[in-house]
1. Restricting to the stretch 18-56, give me the number of residues that are without any contact (Cβ under 8 Å) to a residue 12 or more places away in the chain and within 27 Å of Gln4 (Cβ to Cβ).
2. Can you name every residue in the stretch 66-89 that is part of a helix (DSSP H, G or I) and not acidic (Asp, Glu)?
3. Can Gly82 be described as in contact with a Phe, Trp or Tyr (Cβ under 6 Å, 6 or more places away or on another chain) and either modelled with pLDDT under 95 or surrounded by 11 or more Cβ atoms within 10 Å (Cβ to Cβ) (or both)?
Amino acid sequence: MSKQELVEFIAENAGLSKADATRALDATMEGIKAGLKKEGKVTLVGFGTFEAKKRAAREGRNPLTGETVQIPAKVAATFKAGSKLKDALN
């Protein structure tokens, strides 16, 4: 599902205009980003948990040349599905 399809779904199911649904979706995504930056974790009960995890610098290999390259440390976002989401998929 693309962002546009999700906006249309939200608009239809919440009785909003597409512009309002777009603003709501954008605000939700910004809130999740802000929560990850500030607290490192955002939990939506039943849906899942977004978490910012630190990854250490490491050594990798270029698969084409076999050359060793340094991969810098970074913070990556992870998502763990909640029980209601898991149940809905099965």
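The values are calculated or read from the model by the stated rules, or taken from the named source; none is laboratory data. Note that the structure is predicted; figures quoted are calculated from it, not measured. Note that each Cβ is placed from the backbone with ideal geometry, even for glycine, and that neighbours are counted across all protein chains shown.
1. Result for the stretch 18-56: 13.
2. Ser83, Lys84, Leu85, Lys86, Ala88, Leu89
3. yes
For every residue, the table says whether it meets (1) under 16 Å from the mean Cα position of the chain (by Cα); (2) loosely packed, with under 10 Cβ neighbours inside 10 Å; (3) of a type outside the set (A, V, I, L, M, F, W, C).
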residue	(1), (2), (3)
Ala11	no, no, no
Ala14	no, no, no
Lys18	no, no, yes
Arg23	no, no, yes
Lys37	yes, no, yes
Gly46	yes, no, yes
Glu51	yes, no, yes
Leu64	no, yes, no
Gln70	no, yes, yes
